[in-house]
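Written out below as structure tokens is the structure these notes cover.
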Amino acid sequence: MKDMAYHKPASLAEALELKQSLGEGAIFLAGGTDVMVQARQRKIAPQALISLRGIAELRGARLEGDTLLLGAGTTLSQILADPLIALHLPVLTDAARVMGSTQMRNVATVGGNVMSAAPSGDTLCPLLCLEAVCHLASAEGLRLVPMQEMFLGPRRTAAQPGEVLTHLAIPLPAAGGHASAGAFLKLSRRAALDLALINLAAQLWLNADGGRIEKARVAAGVVGPTPLRLPEAEEALTGAPPTAATLERATQSLGGTCSIRDSHRCAAWYREEMLRVLLMRAGALALQRLGVSLEVEA
Ligand SMILES: Cc1cc2nc3c(=O)[nH]c(=O)nc-3n(C[C@H](O)[C@H](O)[C@H](O)COP(=O)(O)OP(=O)(O)OC[C@H]3O[C@@H](n4cnc5c(N)ncnc54)[C@H](O)[C@@H]3O)c2cc1C
């Protein structure tokens, strides 16, 4: 690995200024769990690193009305320890819990996961289901990009080179007294320290008497070049009663949006089967968190 200059600005303004003056050869660094691995493998060769770790405003979660503002520099361990996130966004806690190892979770950030844009990135499906909005800051000002528009291809985002992801703005699913819960599940070859063969998140909202699913968001990873919302599953769930038969019908609707391929890690047929299993189980877990107990065979 070649020598690199290291900068540690104390404010966002300073970080943006540095990026402007250092240009293309400088990249932002958060936890470094992707950047340093890629640099060591010579996939990238930055001349300078601009660490975002000294910028306090990028860390932590706070409520602003009915929106949870999650700092991009919040580590996965901080997400796991945050009572606001545990209460309102268990689908995100589920994802943070199964990422990497304790050492890695202590430094890796949610913003780094989003900006890495790996098809297997574990926080991405939860953030898609939660309809998070990315706050991107640059010398020109602030730009808001919905998660749905953030991923352009494997490891490609809609962010411009000089932009810093500062926050993820997440509308509280239960705002206005709605009953809502989500769940995330990941299938990998090892229980820890392994990327997903496939992952899936589901967030469900029940109507006032709990007799039907009013709104559903489902997203899966490693089913295409980017993590994807699965509108066919969302449609099958919406308006239906919260039952095992409804989940089963939703699993039968799957396929249209995905472009699941064979890879050296897993055969396409197996991913397709597991996509259905994960939807069944994540749907059942989300409903269980809403007080609806289901017998699910898958
Ligand atoms: C051993 C190991 C296990 C792993 N396990 C998992 C796993 O289970 N699941 C998973 O999804 N990933 C996993 N990863 C990948 C990685 O840890 C995650 O993607 C992590 O969230 C990256 O965050 P980071 O803070 O380390 O990002 P960095 O490595 O610091 O940055 C990643 C990219 O994002 C950019 N960036 C970071 N923050 C910002 C910002 N605020 N604004 C603009 N650009 C920014 C950087 O320039 C870089 O391009 C693993 C990695 C390792 C090494």
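Values in this text are rule-based calculations from the coordinates and carry no lab data. Here the structure is a predicted model, which means the values were calculated and not measured. Here the Cβ positions follow ideal geometry from the backbone for every residue, glycine too, while neighbour counts run over all protein chains shown.
In this label model, Ala158 and Ile44 are separated by 2.1 nm, measuring between points 7 Å along each Cα→Cβ vector. Of interest is the spacing of the C-alpha centroids, which for the range 155-171 and the range 239-272 amounts to 29 Å.
Going by neighbour counts of Cβ atoms within 10 Å, the residues Arg105, Arg217 line up, fewest first, as Arg105, Arg217.
Here Lys186 is the anchor, and the aspartates and glutamates within straight C-alpha reach of less than 13 Å, apart from those fewer than 8 places off in the same chain, are Asp94, Asp122, Asp194.
Annotation: amide H of Thr157 within the under-5 Å range of Leu152, sequence separation 5 or more or interchain, hydrogens built in the peptide plane.
Using equal-weight Cα scatterers in the Debye expression, the normalised intensity of the chain in log10 at q = 0.11, 0.14 Å⁻¹ is -0.64, -1.01. Under a straight-distance cross-link criterion of Cα-Cα below 16 Å, which lysines are reachable from Lys8, leaving out those fewer than 8 residues away in the same chain? Cα-Cα hits under 16 Å: Lys19.
By other beta-carbon atoms within 10 Å, ranking Met4, Met147 with the fewest at the front produces Met4, Met147. Available extension along the chain between Ser138 and Arg249 is 35.5 nm, counting 0.36 nm per residue and deducting the alpha carbon span. Per-residue ellipticity at 222 nm, computed for the chain from helices alone with -39500 (n - 2.57) per DSSP H run of at least four residues, works out to -8500 deg cm²/dmol. What the phi angles of the range 93-110 give under the Karplus curve with 6.51, -1.76 and 1.60, with θ = phi - 60°, is a coupling list of 4, 3, 5, 4, 5, 9, 8, x, 10, 4, 4, 5, 5, 5, 10, 5, 10, 5 Hz, glycine and proline written as x.
Ranked by how many other Cβ atoms sit within 10 Å of their own Cβ, fewest first, the residues His264, His135 fall in the order His264, His135. Once the Cβ-Cβ distance of Lys2 and His264 is raised to the sixth power relative to R0 = 30 Å, the FRET efficiency obtained is 0.55. Computed over neighbours whose Cβ is under 12 Å from that of Leu76, the net charge equals -1, Lys and Arg +1, Asp and Glu -1.
A crude spin-label estimate for the pair Leu80 and Arg212, with each label 7 Å from Cα along the Cβ direction, gives 4.1 nm. Near the amide H of Val292, within less than 5 Å, lie no amide hydrogens of residues on another chain or at least 5 residues away, with H placed in the peptide plane. Label positions at Ala10 and Arg289, each projected 7 Å from the Cα along the C-beta direction, are separated by 3.9 nm.
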